[in-house]
Amino acid sequence: MTSPRKPIRKAVFPVAGLGTRFLPATKAVPKEMLTVVDRPVIQHVVDEARAAGIEHFIFVTGRNKAVIEDHFDSAYELERTLEQRGKTKELELLARDLPAAGQTSFTRQQAPLGLGHAVWCAREIVGNEPFALLLPDMLHHGDPPCLSEMITAYQEHGGNLVAVSPVPEDQTHLYGIVGVEDRAAKVSRITTMVEKPPRGTAPSNLHISGRYILQPEIFDLLERQERGAGGEIQLTDAMIRLAAQPDQPFYAVRFDGKIYDCGSKLGFLVANVAYALEREDLGPALKEEIAKLLQG
Ligand code: G1P
């Protein structure tokens, strides 16, 4: 049974990935701590969750990720030094980003068994309530922010929701892909889901872009630990099974903003330029510099 429309209070952030695509940058620094302008990627994603009203931030970490925990903690020596030097603005910035006491939880994925397994590692902390899931590699930039739109859709429809957006046909094999009842609608029932369909077999070009609202029954299915595409425990496979149960509808929420895949070098670089161009303090000067670079 779908739970009655309980509020979405908790969000899960799977941050255990090794970041091999960014070596050597990620040898000692987690990929989630690489910065888009002056905020770590993970901070941008937590900002999105906070803007959507999330109250509890659950990080599924792994080895060498302790610095993420430090980032979301107060930094006593730093704050004291800033205070002594009268750096009020910087202090305020740090205070604004700091989650309140007890608002964060950290658990570890002890082996890289896939996204489904990472999410399952958060089951005890999530408990028996629907929750949001945000994949930190994917920056969703839009107004309203993606998760806020999804929570609005959840309040209307309930059930399970995934954010989707179109990708070029030659990229559908890289993602989870959904088929929907009404392609023109902002929110539509999902008719099919498939994880990384072989080229030429995708039911549409709508990819699962990394924002989810899921009912807690997903954990019972993840518990089975069945392997899917790439030999990994796939979240999409558990979602397919959940969707087959009575009273577990799945909806696609089309995101019309910009998505930057910061798991790829190009996506990460473009995100940096795009976010910087929007900043009043950097945008105009950066535009001039880019123009100069392009003139050679
Ligand atoms: C995961 C999901 C996939 C989704 C993608 C978005 O894949 O399994 O359904 O489309 O994230 O980035 P991964 O990128 O971990 O291979």
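Data overview
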item	result
Hey, PRO112 part of a loop (DSSP other than H, G, I, E, B) and within 18 Å of GLY53 (Cα to Cα) or not	no
Filter pass, SER148 being at pLDDT 95 or above, more than 18 Å from GLN234 (Cβ to Cβ) and within 11 Å of the ligand (Cβ to nearest atom)	no
Verdict on LEU206 being more than 12 Å from the ligand (Cβ to nearest atom) and hydrophobic (A, V, I, L, M, F, W, C)	no
Residues (away from the ligand (no atom under 16 Å from the Cβ) and touching a residue at least 24 places away in the same chain (Cβ under 8 Å)) located in region 12-33	ALA28, VAL29, MET33
ILE125 being touching a helix residue (DSSP H, G or I) at 6+ places or on another chain (Cβ under 8 Å) and among the hydrophobic types (A, V, I, L, M, F, W, C)	no
Answer residue from region 256-296, given it is within 14 Å of the ligand (Cβ to nearest atom), assigned to a loop (DSSP other than H, G, I, E, B) and not polar (S, T, N, Q) and is nearest to VAL45 (Cα to Cα) among those	CYS262
Matching residues in region 88-144 - criterion: being free of Cβ contacts under 8 Å to residues at least 60 places away in the same chain, open to solvent by 40 Å² or more (accessible area, probe 1.4 Å) and charged (D, E, K, R)	LYS89, GLU90, GLU92, ARG96, GLU124
Residue within region 166-181 that is open to solvent by 50 Å² or more (accessible area, probe 1.4 Å), closer than 17 Å to ILE233 by Cα and away from the ligand (no atom under 15 Å from the Cβ) present	no
Subset of region 216-275 that is among the basic types (Lys, Arg) and over 19 Å from GLY114 (Cβ atoms) - its residue that is surrounded by the most Cβ atoms within 10 Å (Cβ to Cβ)	ARG254
Residue in region 216-234 that is among the aromatic types (Phe, Trp, Tyr), within 26 Å of ARG5 (Cβ to Cβ) and touching a helix residue (DSSP H, G or I) at 6+ places or on another chain (Cβ under 8 Å) present	yes
Count of residues meeting criterion [acidic (Asp, Glu) and open to solvent by less than 50 Å² (accessible area, probe 1.4 Å)] in region 8-39	1
Condition broken by GLN43, with the remaining ones in (1) of a type in the set (S, T, N, Q); (2) open to solvent by less than 20 Å² (accessible area, probe 1.4 Å); (3) not in a helix (DSSP H, G or I) satisfied	(3)
Residue count, region 182-203 (criterion: of a type in the set (Lys, Arg), away from the ligand (no atom under 13 Å from the Cβ) and surrounded by 15 or more Cβ atoms within 10 Å (Cβ to Cβ))	1
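The values are calculated or read from the model by the stated rules, or taken from the named source; none is laboratory data. Everything quoted here is computed from the prediction, not taken from an experiment. FYI the Cβ positions are ideal-geometry reconstructions off the backbone, even for glycines, and counts take in every protein chain you see. Side chains are part of the model used for accessible areas, which takes the heavy atoms of the whole protein and leaves out ligands, DNA and RNA. Shrake-Rupley method; radii C 1.70, N 1.55, O 1.52, S 1.80 Å.
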